[in-house]
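Notes follow the structure.
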Amino acid sequence: MAVLVAYDGSQPARKALKRAVDDHADEEIVLLRVIEAAEGSTGAGINLAREKLKEMESKTDEEVRADVDDLVDTTDLEFRTETAIGQPARRIVEVAEAEGVDEIIVGSHGRSGISRVLLGSVAETVVRRAPMPVTVVR
């Protein structure tokens, strides 16, 4: 069994990681960081983002691993990090399907008001689109 945690370093994402470790410490945990590309991005914009991603991947991996080490005991924890480019909710579901994970755990940022109306909720969209169970952590 594998569990995907949408991880951006925020407090809700850190809570989601802790939940994953508490509930699934004996399973593989995939930490996914999505670099957001604006809706309607051109091919050139996506290519630029991919170049930036290549530069950031090793740095991001090191930062995430250090962050995880600060949050939980990683002695017996099996986890790996992945990075993707695109619209976060869509990419979370796509990567989860491609990786064959059994559950997605995502933090709720608790957006409200106009921000929620205009941007939507990543957690809400993941819940609606994912074919596997999704746990939303507050």
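Of all residues assigned to the stretch 16-38, at least one qualifies as being within 15 Å of PRO88 (Cα to Cα), among the charged types (D, E, K, R) and in contact with a Pro (Cβ under 7 Å, 6 or more places away or on another chain). Evaluate the following for THR60: is it under 23 Å from GLU28 (Cβ atoms), modelled with pLDDT under 65 and either assigned to a loop (DSSP other than H, G, I, E, B) or of a type in the set (A, V, I, L, M, F, W, C) (or both)? In short, no. When LEU77 is tested against (1) at pLDDT below 85; (2) touching a strand residue (DSSP E or B) at 6+ places or on another chain (Cβ under 8 Å); (3) more than 18 Å from GLU27 (Cβ to Cβ), just one condition goes unmet, and that condition is (3).
The values are calculated or read from the model by the stated rules, or taken from the named source; none is laboratory data. Please read these numbers as outputs of a predicted model, since none were measured by experiment. Counting neighbours? That spans all protein chains shown, and the Cβs are built from the backbone with ideal geometry, glycine included.
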